[in-house]
Amino acid sequence: MGNSTDRSWIKPLYKTLAPVIREVLAMSFFINILALGVPIFTLQVYDRVVQHAGISTLWGLATGLVIVLLFDYILRQARSRIMQTVALRVDVEVGRAVFDKFTSLPLNVLESRGGNYWQSIFRDVDTVRNTLSGAPAILICDLPFAIMFFGVIFVIAQPIVWVLMIIMVLFLFVTWRAGAVTGKASDVRPEFPPVMGRARLMIVA
């Protein structure tokens with residue numbers, strides 16, 4: 001069976017979620033733009049308020065910052081709810097496809113695997129849902145805009161960019177090490193990894 005047939009169950013789901021994904025990316029763009037409000041406010045306070053004692057300017061900047069933070073909060077809450085909706089839809093569609101395939105398998109195929117193997121496949125659906133509605137999905141949406149932040153910081157304060165890059169490398173290293181330690185701590189593993197197991201189940205004739 002070709003790869004196009006094996007993945008045919010993904011295409012309808014992707015077509016359904018594509019507009020929602022674009023909406024989430026658009027929200028992430030504006031959220032990251034608004035996130036520049038706090039550093040810009042700080043710079044303006046030092047340049048216009050501290051040096052020139054511009055109290056009226058401070059009130060104007062503070063009012064603008066409050067408005068920016070309010071819109072930022074609204075967009076973040078809306079994005080979070082959309083991500084939860086996407087995760088629920090994926091959970092329903094993938095869970096239904098897995099269950100339909102599970103119930104259509106021959107008895108000898110079901111008996112050839114232990115109960116833990118089949119349970120791991122359904123648990124993987126929960127993992128997908130939690131990933132799409134949690135921090136990893138939001139991080140993926142925000143990650144491309146890190147380049148924008150580095151560009152802005154490079155223009156404002158070039159030496160700080162190198163400090164941030166070192167911190168990011170250290171953070172990625174710590175995250176990688178934590179993942180490696182967690183993987184080694186797992187004593188019980190299915191015969192196939194959960195994701196591969198689900199993929200195998202979806203293509204079993």
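Which of the following residues is farther than 24 Å from V20 by Cα and among the small types (G, A, S): A78, A87, A53, A97? Write out each step before concluding.
Details: A78 fails: farther than 24 Å from V20 by Cα; A87 fails: farther than 24 Å from V20 by Cα; A97 fails: farther than 24 Å from V20 by Cα.
Going through A78, A87, A53, A97 in turn, just one is farther than 24 Å from V20 by Cα and among the small types (G, A, S): A53.
For V94, which of the numbered conditions (1) closer than 30 Å to I121 by Cβ; (2) surrounded by fewer than 16 Cβ atoms within 10 Å (Cβ to Cβ) fails to hold?
Condition (2) is where V94 drops out.
Kindly establish whether S133 is modelled with pLDDT under 70 and among the polar types (S, T, N, Q). Spell out the reasoning first.
Details: modelled with pLDDT under 70: yes; among the polar types (S, T, N, Q): yes.
So S133 passes the test.
Test of understanding: among A78, A87, which residue is surrounded by fewer than 15 Cβ atoms within 10 Å (Cβ to Cβ), closer than 24 Å to C141 by Cβ and either touching a strand residue (DSSP E or B) at 6+ places or on another chain (Cβ under 7 Å) or modelled with pLDDT of 75 or more (or both)? Steps first, answer last, please.
Details: A87 fails: surrounded by fewer than 15 Cβ atoms within 10 Å (Cβ to Cβ).
None of the other options fit; the residue is A78.
Which pairs do you get when a residue that is under 25 Å from F71 (Cα atoms), found in segment 35-51, comes within reach of a residue that is outside any helix (DSSP H, G or I), reach meaning Cβ atoms under 7 angstrom, with the pair 6+ apart or on two chains?
As it stands, the answer is R48/G54, since those pairs meet every condition given.
A35 - would you say it is under 15 Å from C141 (Cβ atoms), modelled with pLDDT under 90 and either of a type in the set (K, R) or surrounded by 14 or more Cβ atoms within 10 Å (Cβ to Cβ) (or both)?
Numbers: under 15 Å from C141 (Cβ atoms): yes; modelled with pLDDT under 90: yes; either of a type in the set (K, R) or surrounded by 14 or more Cβ atoms within 10 Å (Cβ to Cβ) (or both): yes.
So A35 passes the test.
The values are calculated or read from the model by the stated rules, or taken from the named source; none is laboratory data. Owing to the predicted nature of the structure, the values given are computational and were not obtained by experimental measurement. With ideal geometry, Cβ positions are generated from the backbone for all residues, glycine too; neighbour counts draw on all protein chains shown.
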